[in-house]
Amino acid sequence: MAFQIGRYTKPDFTQEKFRNAPQARMAKAPKDKAAPEGFHAMSIFPEYFKVGDEWILPEDSRMDCVAVYEDGKIFVREFRNLKEGDMVFLGRTEDCEDGIYVHDNGFYFPGIEEGHQNSFAFRQSRSRETAFSYDYSSIYELLEYERDHGFITWVLGPACAFDAGAREAFSDLVRRGYVNALLAGNALATHDLEAAYMGSALGVDINTQQPYFNGHYNHLITINKINTYGSIPAFIDGEGIDNGIIYSCVKSNVPFVLNGSIRDDGPLPEVYEHTYVGQDAIRHQIRKSTTVIGMATVLHTIAAGNMTPSYRVTEDGTVRPIYFYTIDTSEFAVNKLGDRGSLAAKGIVTNVQDFVRNLSKNLK
């Protein structure tokens, strides 16, 4: 059977609780970056606000932000982007009591029976004892669908560049249209470009996994050379680089967002050094994303996850689900995203090199 995307059913607004619900309350932001007392904080789920006789769904949402009413529409904004006088929605309830309704069960996913999740069942967590064969089959179908109908964003940690086969497998995904945007840190790009330039990642040969003599210099030499050129594309052209993850993104015009951290060396010219400028760059890509896959990076995946709602409103007004996967060898890593509020994320406990090779081999 062909892949079917999760179907959305909006609330039945003819029900008494919706008809009798009060208008959602609003108050002005008292100053820039500050919400009024009693502000309503958004979740990952679709949320409706009663304004006049209409229940309005924000088209673009993000958890831990506030909803602002402006020109007949609702915009979800970070606190740092609030302006004095913005009309901010108030209320701490979620079932119409404050004119706000959180629709946390609006999606139906074909192939998953109702009542599938029991109140008690063994092996429901995502661990090394979980059987992931069905997850792989689902991901293959999902990505083949999304390549033609969606926007696939990947969040990569540096381990994704440590193996020659994994680098080639991910480059293959880029070339074949399975990557629409890449989010990472300075390290992923540095070690991937080090691999293309010097054959090592963090000084270790990407083919034999043997350390180079003085290999701890290799990534610094690479960063220095790229900074001498002034940009990653100039370095790629100037040094005749012809392989790797970042190379494939550059040549396939796939945008990549690189964010710095307090421990970075260098960094590379394209790395965002200001936290909130980088956060805005990430959210620019997340706003378009319909599937997000994080591999071997806890912090960057959590950052992306905290910006990713459970739904996306398409150009024709259709509400569709956003699929979120996190891949890591650590059970802690794949389960932590749920602990941080990204309840829709599904984890797979496996080696990322094996995971990306399986994708490259089995995707059409």
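Can you list the helices (runs of 4 or more DSSP H) found entirely within the stretch 167-257 that contain at least 2 residues being touching a helix residue (DSSP H, G or I) at 6+ places or on another chain (Cβ under 7 Å) and among the acidic types (Asp, Glu)?
Per the criteria, 186-198.
Go through Gly294, Gly347, Gly305 for me and flag whichever is farther than 22 Å from Leu258 by Cα and among the small types (Gly, Ala, Ser).
That would be Gly347, the only listed residue that is farther than 22 Å from Leu258 by Cα and among the small types (Gly, Ala, Ser).
Here are some residues: Arg263, Arg283. Which one is charged (D, E, K, R), out of contact with any Cys (no Cβ under 7 Å at 6 or more places or on another chain) and at pLDDT 95 or above?
Arg283
Name the one entry in Gly106, Gly111 that is under 26 Å from the mean Cα position of the chain (by Cα), surrounded by 15 or more Cβ atoms within 10 Å (Cβ to Cβ) and touching a residue at least 40 places away in the same chain (Cβ under 8 Å).
One residue alone meets the criteria, Gly106.
Would you confirm whether any residue within the stretch 283-290 is out of contact with any strand residue (DSSP E or B) (no Cβ under 9 Å at 6 or more places or on another chain), open to solvent by less than 30 Å² (accessible area, probe 1.4 Å) and not in a loop (DSSP other than H, G, I, E, B)?
yes
Is there a residue being touching a Pro at 6+ places or on another chain (Cβ under 7 Å) and at pLDDT 95 or above anywhere in the stretch 234-249?
No, the conditions are met nowhere in the stretch 234-249.
Would you list the strands (runs of 3 or more DSSP E) that sit entirely within the stretch 1-96 and hold 2 or more residues that are surrounded by 13 or more Cβ atoms within 10 Å (Cβ to Cβ), touching a Cys at 6+ places or on another chain (Cβ under 9 Å) and not hydroxyl-bearing (Ser, Thr, Tyr)?
73-77
Considering only the stretch 226-239, how many residues are open to solvent by 50 Å² or more (accessible area, probe 1.4 Å), farther than 23 Å from His274 by Cα and either without any contact (Cβ under 8 Å) to a residue 40 or more places away in the chain or hydrophobic (A, V, I, L, M, F, W, C) (or both)?
Residues that pass the stated criteria total 1.
I'd like the residue in the stretch 330-355 that is of a type in the set (Val, Ile, Thr) and in contact with a Gly (Cβ under 9 Å, 6 or more places away or on another chain) and, out of all such residues, is modelled with the highest pLDDT.
My answer is Val352.
Which one of the conditions (1) touching a residue at least 24 places away in the same chain (Cβ under 8 Å); (2) surrounded by 19 or more Cβ atoms within 10 Å (Cβ to Cβ); (3) in contact with a Gly (Cβ under 9 Å, 6 or more places away or on another chain) does Ser248 fail to meet, given that it meets all the rest?
Unmet for Ser248, out of (1) touching a residue at least 24 places away in the same chain (Cβ under 8 Å); (2) surrounded by 19 or more Cβ atoms within 10 Å (Cβ to Cβ); (3) in contact with a Gly (Cβ under 9 Å, 6 or more places away or on another chain): (3).
The values are calculated or read from the model by the stated rules, or taken from the named source; none is laboratory data. Computed from a prediction, not measured in an experiment: that's the story for all the values here. All Cβ positions, glycine included, derive from the backbone under ideal geometry; neighbour counts span all protein chains shown. Surface accessibility is based on the protein's heavy atoms, side chains included, excluding ligands, DNA and RNA. Shrake-Rupley method; radii C 1.70, N 1.55, O 1.52, S 1.80 Å.
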